[in-house]
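Encoded as structure tokens, the structure appears first; notes follow it.
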Amino acid sequence: MTRKNNILYLLITLITLTACHRNQLQIDVSHINLKVEIGRLDQDLFTVTTENSSSSIPALQEKYGPFFGLYNKEILAIGDSRDSLYSGYLLTFITDSTITATRLKTDSLFRDFQSFSTQIEMAFKHYAYYYPGINLPKVYTYLSGFNQSIVTFPNALGISLDNYLGSKSRFYSQLGIPAYKRHNMEPGKMVYDALYGLASQQFEYKGNTENLISGMIHQGKLLYFLDALIPDGPDSLKIGYSKEQLDWCQKNETEMWSYLVERKMLFSGDRMELVRFINPAPFTTPFGQKSPGRTGVWLGWQVVKSYMKNNPKTTLQGLMEENDYHKILNESGYSPD
């Protein structure tokens, strides 16, 4: 073989290998014209004072529309803004010493929200690519008094900034929040949690049976949806693991799967099994204290990845609409040997 042919052969091999390892979810969304605007209720709410409440509260109602009512009733639980006692309840909340201190911290971390806004905008462009014409929600940030991190309402996605102050925040230790939960209360986790919350709302569990493998694969579908929306994002932020926890799962994948198969647990409808392998926890009890929690979710994610790899004609929409979880398992060819 001549030198010229050698070079050509190497180029073809390189191109082939690159194609094989290229992330199929890496798509060009530059042509999608979409602009995300963030409603910063966390800032605007604190313009209300005793002196201006009669004018500033109606102004907030007009600016934020239905979300302002949802925020008051569902998140703060202080009633309707038109109630006679409402302004007093609101002022009590925004002048509370803990809330005031929290606001100072959120202002320092999130006054410039551009990087987060860009992340959300890029994710929404990917969403619009896979679902042309989708009615994307308006995004709002606010303080909740350390209530739900993410809330979803029709046409609205809410982010509680006071739940993303950093795992070492004194507020969280004072509240007695466990370390495994504080680990994910970092600013960098916020956008991933918001998108996961959106996916959970859009794609609710609709399986015919409720057993461990169905729950695992449903959660795996939600994480694969994040793969599609943030193809460059690290797996650690999608599932909320440290690098060490991810490494542990990868090293023990075969053993974990074998454990579930040999004990015939995959098709168990025992609610405690779902809790043990899917719900957040410091570790997965059967796998020991070195394991992370939610290992069933991580395994379900691997099943879904295998399913999409072995069924290249299946679209993201097709995956998310497929509620026969046993079919996904059977056609995944998943076998971590």
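Bear in mind these aren't lab numbers, they're just calculated from the coordinates by the rules spelled out. Not measured: the values here are computed from a predicted model. A quick note on method: Cβ atoms are made from the backbone with ideal geometry, for glycine too, and the neighbour counts reach across all protein chains shown.
At 0.36 nm per residue, and after removing the present C-alpha to C-alpha distance, how many nm does the segment from Asp232 to Tyr89 gain when stretched out fully? Could the numbers behind the result be given before it?
Working: separation 143, 0.36 × 143 = 51.48 nm, distance 4.35 nm.
Length difference between fully extended and current span is 47.1 nm.
The stretch 38-131: which trypsin sites (Lys or Arg not before Pro) are DSSP loop and have at most 12 other beta-carbon atoms within 10 angstrom? Walk me through the numbers on the way to the answer.
Values: sites: Arg40, Lys63, Lys73, Arg82, Arg103, Lys105, Arg111, Lys125; in loops: Arg82, Arg111.
Qualifying residues, ordered by number: Arg82, Arg111.
Charges only on Cβ, +1 for Lys and Arg, -1 for Asp and Glu: so what's the dipole of the chain about the Cα centre, in debye to the nearest 20? If you can, show how the numbers build up before the last one.
Working: 33 positive and 33 negative charges, 164 e Å.
The calculation lands at about 780 debye.
Can you list residues whose amide H is under 5 Å from Ala281's amide H, if they're 5+ apart or on another chain and H is modeled 1.01 Å from N?
Here the answer is Gly293, Arg294, since their amide H atoms fall under 5 Å of that of Ala281.
Output the relative contact order of the stretch 212-332, whole-number percent, from Cα pairs under 8 angstrom with separation of 6+ residues.
Computed value for the stretch 212-332: 38 percent relative contact order.
Calculate, for Asn135 and Ala59, the FRET efficiency according to 1/(1 + (r/R0)^6) with r their C-beta to C-beta distance and R0 25 Å; round to the nearest 0.05.
Numbers: r = 27 Å, r/R0 = 1.06.
Between Asn135 and Ala59 the formula returns 0.40.
Measuring from a point 7 Å past the Cα of Tyr259 along Cα-to-C-beta, which residues in the stretch 234-251 have an amide N at less than 18 Å?
241-242, 244-251
Can you tell me what share of the DSSP beta bridges in the stretch 38-202 is antiparallel? A percent to the nearest 5 is fine.
Working: 4 of 12 bridges.
Of those bridges, close to 35 percent are antiparallel.
R0 = 45 Å: FRET efficiency of Lys181 with Lys327, Cβ-based, nearest 0.05?
Values: r = 34 Å, r/R0 = 0.76.
Given R0 = 45 Å and the Cβ-Cβ separation, E is 0.85.
If eta is 1.306 mPa s and T is 10 °C, what Stokes-Einstein diffusion coefficient results for the chain, Kirkwood Rh from Cα pairs, in µm²/s?
Values: Rh = 22.4 Å.
This corresponds to a translational diffusion coefficient of 71 µm²/s.
Say we join alpha carbon atoms closer than 10 Å with springs in a Gaussian network model of the chain; which of Leu229, Leu316, Leu34 then has the biggest fluctuation?
Leu34
Once you keep just the Cα pairs under 8 angstrom separated by 6 or more residues, what percentage relative contact order results for the stretch 38-202?
On the way: 163 pairs, mean separation 34.0, N = 165.
Taking the mean separation of contacting Cα pairs over the length of the stretch 38-202, I get 21 percent.
Measure nothing fancy, just the Cα-based angle from helix 190-202's long axis to the longest principal axis of the chain, in degrees from 0 to 90, nearest 10.
80 degrees
Calculate one ³J(HN,Hα) per residue across the stretch 76-84 by plugging θ = phi - 60° into the Karplus curve 6.51 cos²θ - 1.76 cosθ + 1.60, and present them in order as whole Hz with x for glycine and proline.
Values, residue by residue: 8, 6, 10, x, 7, 5, 8, 5, 5 Hz.
Once you've got the GNM for the chain with C-alpha springs shorter than 10 Å, pick whichever of Leu195, Leu266, Leu85 has the biggest mean-square fluctuation.
Leu85
What is the fewest-to-most order of Asp162, Asp112 by other Cβ atoms lying within 10 Å of their Cβ? List each step's numbers first, then the result.
On the way: Asp162 23, Asp112 8.
Fewest-to-most Cβ neighbours within 10 Å comes out as Asp112, Asp162.
Working out 0.36 nm times the residue gap between Gln114 and Asn155, then minus their Cα-Cα distance, what length gain in nm do you get to one decimal? Could you put the intermediate results ahead of the total?
Numbers: separation 41, 0.36 × 41 = 14.76 nm, distance 2.16 nm.
Additional length available on full extension: 12.6 nm.
When the Karplus curve 6.51 cos²θ - 1.76 cosθ + 1.60 is applied with θ = phi - 60°, which whole-Hz ³J(HN,Hα) does each residue of the stretch 52-66 get, with x for Gly and Pro?
Working through the residues one at a time gives 10, 4, 5, 9, 6, 5, x, 5, 5, 4, 5, 5, 9, x, x Hz.
Taking 0.36 nm per intervening residue step and subtracting the Cα-Cα distance, what contour gain separates Ser97 from Asn52 on full extension? Intermediate results must be reported in sequence, preceding the final value.
Working: separation 45, 0.36 × 45 = 16.20 nm, distance 2.06 nm.
Extending this stretch completely gives an extra 14.1 nm.
Measure nothing but the geometry: give the 0 to 90° angle between the long axis through the Cα atoms of 295-310 and the longest principal axis through the Cα atoms of the chain, rounded to 10°.
50 degrees
Taking only C-alpha pairs under 8 Å that are 6+ residues apart, what is the relative contact order of the stretch 242-300 in percent? Present the calculation step by step, with values, prior to reporting the outcome.
Working: 48 pairs, mean separation 19.2, N = 59.
Relative contact order for the stretch 242-300 comes out at 33 percent.
Counting only DSSP beta bridges with both residues in the chain, tell me the antiparallel percent, nearest 5.
Details: 4 of 12 bridges.
In the chain, DSSP labels about 35 percent of beta bridges as antiparallel.
Here are some pairs, Lys73/Lys189; Lys125/Lys221; Lys206/Lys243; Lys264/Lys327; Lys189/Lys243; which of them have Cα atoms lying more than 21 Å apart in this structure? Could the numbers behind the result be given before it?
Values: Lys73/Lys189 26 Å; Lys125/Lys221 19 Å; Lys206/Lys243 32 Å; Lys264/Lys327 18 Å; Lys189/Lys243 14 Å.
Table pairs above 21 Å Cα-Cα are Lys73/Lys189; Lys206/Lys243.
Any idea what the dipole of the stretch 212-332 comes to, in debye rounded to 20, about its Cα centre with Lys/Arg Cβ at +1 and Asp/Glu Cβ at -1?
140 debye
May I ask for the angle, rounded to the nearest 10°, between helix 86-95 and the longest principal axis of the chain, with both axes built from Cα atoms and the value confined to 0 to 90°?
It is inclined by approximately 70 degrees.
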